[in-house]
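Participant: Attaching a single structure in structure tokens format; questions to follow.
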Amino acid sequence: MSFRGLWSVVIALFAVQLATGQNSPQSTLNVGGVVFSRPLVLRSDFVASDVLRRFMVRSKFSSPERMARYIGTHPGVGMNWFGLDYVKDCMRYVKGELLVAPSPKLKGGRILEVAEGFDRFGGSRFPNGSVIMTKKVHFWEREFEINYRQAMQKWVSKEVAHNPEYYRGRYSNEYIEKCVSSVKNGGYVRTNPIDVNGVMCEFHHCVGTKKIEVLSYKDHRMRDTISSKGHGSGSKFAGGGDMTWQQKPNIGKVWSASAARWVSAAGIDLVLSSAALIAAETRDKNDYIVNAGSVAAAYLSATITESVMVNAFSLSAGTTPAWFGSFFVGIGGVASWLASGVYFVVRSAVMYGWSEYQREQARRVENACRLSEQRMRQLVFAEAIQDNSDKLMCLIRR
């Protein structure tokens, strides 16, 4: 069976790779006997052992009422995180004994508010107008991997110095003048930006989009909310940006994560493609051997490609899947997509080479048959000529 007949299998495998993205851990979280389908995971499986799946189920905590109904319906879960009084009040609210949803109270008595929650990637959602600047970080911008604070300070300084009037009303006049002066002298302001109110800004890492946002300390560090516009629960439940930025993944973890993901993809590919060969009633065992060999070669090539890419450019690793209701789509990353391309190219090359080898063998057999037939004709003609010559000589002698 030629590789052309296996393209449907390859496309199915590609769809599986897209759906699973870069998250090797299971996509559900069991807390108190209740399975949540939307745990918060940051970045990729290359840091999954450091960035743990957490409790926050964003759609359930989008308002005090929805949160109270959820905790009141699942009190066993709530008791692991919230004060007993709040859990009891939620149960009363569900029964209709309370007309107003209670304010969330954590263990220890701390009372919080319910805010806007998270975006579809699991990142913190901030109030409109609070984000001052946004920098899209590309995987080849290594300075953001090495020291993102310094890289952002340089970038903001240059942007402000390039168009200072545009940023008046966003940053303090003193900070703007420092940017203009420092950049003019070939340097940059070696502190975080200062907003128009004189408050020091901080850099927020968007989970799914690999962007860094500039926000004031107040907007970035809102701590008294659930699910949190800022890092009230983002830091508490999922860890801050330092956990996924400015920390180069261990090469051993990179290799093991890539190998584990691609061995599962290759296994699915092998099973489906072998089933396709069987369905086509292929009897030549060499076809099965070559098919398995092409899968093994593609697996090894994809694993090496992805591991080398992530080791060289940490930000080429995949991101958190985007959630659409209860359905998620794996966004993947540059390393994942490049490895996928290498997988298909190597798979195609091996199968194409095998098809060409079979054609060459068929041509050799056909040429050998033609040569044999030609020689046989020549032999028959020679024998016929000799026979005719003998008969003619006999007639002449008479």
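Participant: With the structure loaded, tell me whether Ser355 is surrounded by 10 or more Cβ atoms within 10 Å (Cβ to Cβ) and outside the structural domain of Tyr288 (by TED's automatic domain parsing) or whether it fails that test.
Facilitator: Judged against the criteria, Ser355 is not a match.
Participant: Further question: Just name the residue that is modelled with the lowest pLDDT out of those in region 64-85 that are surrounded by fewer than 16 Cβ atoms within 10 Å (Cβ to Cβ) and not aliphatic (A, V, I, L, M).
Facilitator: Asn80
Rundown of residues vs (1) surrounded by 17 or more Cβ atoms within 10 Å (Cβ to Cβ); (2) acidic (Asp, Glu); (3) modelled with pLDDT of 85 or more, yes/no style:
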{"residue": "Ser235", "(1), (2), (3)": "yes, no, no"}
{"residue": "Gly241", "(1), (2), (3)": "yes, no, no"}
{"residue": "Trp245", "(1), (2), (3)": "yes, no, no"}
{"residue": "Ala260", "(1), (2), (3)": "no, no, no"}
{"residue": "Gly267", "(1), (2), (3)": "no, no, yes"}
{"residue": "Leu270", "(1), (2), (3)": "yes, no, yes"}
{"residue": "Val290", "(1), (2), (3)": "yes, no, yes"}
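Participant: Mind listing whichever residues of region 277-288 are surrounded by fewer than 12 Cβ atoms within 10 Å (Cβ to Cβ) and acidic (Asp, Glu)?
Facilitator: Within region 277-288, Glu281, Asp284 qualify.
Participant: Please find, among Ser314, Ser274, the residue that is in contact (Cβ under 8 Å) with a residue 40 or more places away in the chain, surrounded by 17 or more Cβ atoms within 10 Å (Cβ to Cβ) and assigned by TED's automatic domain parsing to the domain that holds Val350.
Facilitator: None of the other options fit; the residue is Ser314.
Participant: Any residue at all in region 204-222 that's touching a residue at least 12 places away in the same chain (Cβ under 8 Å), assigned to a strand (DSSP E or B) and loosely packed, with under 15 Cβ neighbours inside 10 Å?
Facilitator: No; the residues of region 204-222 include none that is touching a residue at least 12 places away in the same chain (Cβ under 8 Å), assigned to a strand (DSSP E or B) and loosely packed, with under 15 Cβ neighbours inside 10 Å.
The values are calculated or read from the model by the stated rules, or taken from the named source; none is laboratory data. Note that the structure is a prediction, hence the values are computed from the model and not measured. Heads up, the Cβs are rebuilt from the backbone with ideal geometry, glycines too, and the neighbour counts pull from every protein chain shown.
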